[in-house]
1. Rounded if a/c is under 1.5, else prolate if a/b is larger than b/c, else oblate: which is region B:1-155, with a ≥ b ≥ c the root eigenvalues of its Cα gyration tensor?
2. What is the angle, in °, between the Cα long axis of helix A:57-69 and the longest principal axis of the Cα atoms in chain A? Nearest 10 is fine, range 0 to 90.
3. For a test of the definition: using alpha carbon positions, the gyration tensor, and the 1.5 limit on a/c, classify region A:292-362 as rounded, prolate or oblate.
4. What is the average number of partner chain Cβ atoms found within 10 Å of a Cβ in B:307-317?
5. Got the residue A:75 label distances to the other copies yet, label 7 Å along Cα→Cβ, in nm, shortest first?
6. Gap in Å between the Cα centre of region A:301-362 and the Cα centre of region A:221-244?
7. Let me know the shape class of region B:121-276, please: from the alpha-carbon gyration tensor, a ≥ b ≥ c as square roots of the eigenvalues, rounded when a/c is under 1.5, otherwise prolate if a/b is greater than b/c, or oblate.
8. Give the share of C-alpha pairs in each 10 angstrom bin for the protein assembly as shown, from 0 to the last occupied bin, in whole percents, shortest bins first.
C-alpha cells in the first residue's frame, strides 16, 4: 500500500543524515545497517580528527547517532541487510534479512535511499610494488588514522617514535593499470590533515608527501594546505615513487622528483599509502538487488541528464554519499539531506495521488 | 505569525533547486531574484556545455526554470531584493524592495535560504600583469564560454580562427598577494571542458593549459581529464606564467615550465585566464542584511561544528550553493536540496509548536 515511509540502506554519515532528514519532515524512516553499529567508516575505521575543524570523529558521529537513535520516527535495524525488493516508486515491498540467523521481515515503503558507501582500496591487491603486506612499516591511511586516534603514532615494526614519514598519493586511484582511472577526491586532503596531526603528536618527525597533483580543492587549500606547509612544515614533493625496499631497519623509497627532474632515493621510518575509494561490497550488492545501473567502476550511476545529483536509474530509488563515487564528508552529508527531501517529496505525492508513477521523475 | 513558508534568495541553480524542493514538500516558497530573469550564472554568463554530460546549459537550466515557474506553490519575485529582515526562526518578517521603483512588500516566512552565489574574479583588478584590459586576445573563462555557446570561437582582435590557444589557471585563486588563498575548485575542470569544446569546434587549433596542480577531483579525472589528453590532445604544462606581451599580432607568453625546469616563451593567438570565484555583491549584501557571519573572503560562514553543511550562524537561515564558497554544479544543486529539507523541517516544527526556538538547531 502506498505510504510515505522511506527505507535507508547504510548507517554511515550519508545514511544517518538521510534518516534524520526524513524524520525531520515527519515521515517514517527505516534505517538498515548490516553491521551491529551505526557510524560507517568514521566509526568502523576509527578515524581521528574530521575536517572541517579537526573535531574528534567519534564525538561528531556520536552526536548524529544519538539524534537518530532517539527519534521515534526512525526504526533502526542493526545487523540487517536487504534481501529482496518488489514493487515500484510509492509502493516498494522490501525483504530485510537478519544477518546470521535467517530471520526475515517484510516492510512497505514509498521510496528508498541507498547510502552504502565505499571501501578503502586494498593496496596489496594489485599494487604490490609498495610492499604493504611485506613490510610492517608500510601502512595505509586507515592504519594511520587509528594510530592518530590512539595518540600512539609509532613505527609498527618496533613501537618506536618515527623520525621520517612519507605519504604516497594516488594508491589505487588515477591508475589505468588496475582500472581505477578516477580520482578518489579526498586522499590529498586526508593525507595533509594526517601530516598536520603527525607533526602535532610527534613534533620531531619530518613528514613528506609525494604527489602527482595536490587536489586541495576549495576550502582544503586555505584551511589545510597553507597551514600544513607554513605552520607545520610538511614537505610536498611532486614525484612518483616506483618502489620501496628494505634497508637495514628502514625503508628505502625510490622514485623521481618531477619538479627537480632527478631520481630520488630517501630512507623513511614509515610509509603511508594514500589508498583511494572503491565501491563497497554493499554498494555492489545493493545495485544488483535493487536493479540499479552502475558505472564502469561499480559505483551507482547517477543519470546526469538533469540537475539531480541523487537520482539513480530507477524512479523512487535515490543515492547519497560515496555509493555514487568518491565523496568528501560535506558531499556525503549534503547529498544525504538532499535525498531525504527527494524521497519524502516523491513518496508523499504518490501516496496522495498527486502524481502518477508514469510521470514520477527520478 | 509562524508558518512554514520559505524565502529563497537567488534564482541560480542552488536557489532553483531549493525552491523546487520546498514546493515538492508541500510548503510555499517565495523565490526572490534581483535580476529580471532566473537561471543565475549559467544563463547570465551564457555558459555553453555543462558537466557532467556536455548538455547545453540553457536547455538544462530552462527545464528547471520551467518547473519552478509553473509550480503554484512558488511565488517568483523577479527584480526584487531583500531590504530588511526582522524576527527569528519560525517567524521572520522580510521586506522585499522592487529594484528601481521603490515599491516594497512585506512577507512572513518560517525560514530563509540564501543562494546568492559567486561572481567571477575580475582579472584586471589586481593581476594586471596578464593584460586583460590591455590586449583584446586575453579573455576570461566567461568570454570563452560565450564564444563556445555561439559556436564562434575566434580571436577577438580580428575575428579569425585561432591556431594556438592557452589557458592560465589560478587567476584570482591560490594567490596570497590579492588575499584569495582559497582554491576556486571548478576552474581546472571548466578549462579542460572548454579545451575539449575548442578542439571540437576549431579542430586545427592547438590548446595548452598552464597549471599549478590539475585539480580534477573525483569524476572530472575520468570523465574529462583523460579524454582531454587522449582523445582531444590537449597539452597540459605544469608551469607558472609570469607575463604576457604583445609580439606583432600575437601574444608572447613568458613563464616557467616547472616539470622541465626551464623558462618558457611561446606565442599564442588567444590566452584564456581561468579566473576564480569570489562572493557576489548579493552574497556580501545579504550577509549584512541578515546578520550572517562571513569568512575572511566574504563568503557566508558555515559553522563546521557538526555535520551540517547548509547551516549559517543564524538559526532558521540556511545557505546553499557558492554563497558559502567555491562549489561545482553538483555541490550547488545538492546543497540546494539539502537546504530545502532543513528549512521546511525547521519551519514546520516551529509552526506546530513541536520545537521551541531556544532549542532550534541551525
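1. It is prolate, given that a/c is not under 1.5 and a/b is the larger ratio.
2. Tilt relative to chain A: about 10 degrees.
3. oblate
4. Average neighbour count from other chains, rounded to a whole number: 4.
5. Counterpart label points of residue A:75 in the remaining copies fall at 4.0 nm.
6. 37 Å
7. rounded
8. 3, 15, 24, 26, 20, 10, 3, 0, 0
Each reported figure results from applying straightforward, stated rules to the coordinates on display, with no laboratory input. Because the structure is predicted, anything quoted here is derived from the model rather than measured. All Cβ positions, even for glycine, are placed from backbone atoms using ideal geometry, and neighbour counts span all protein chains on display.
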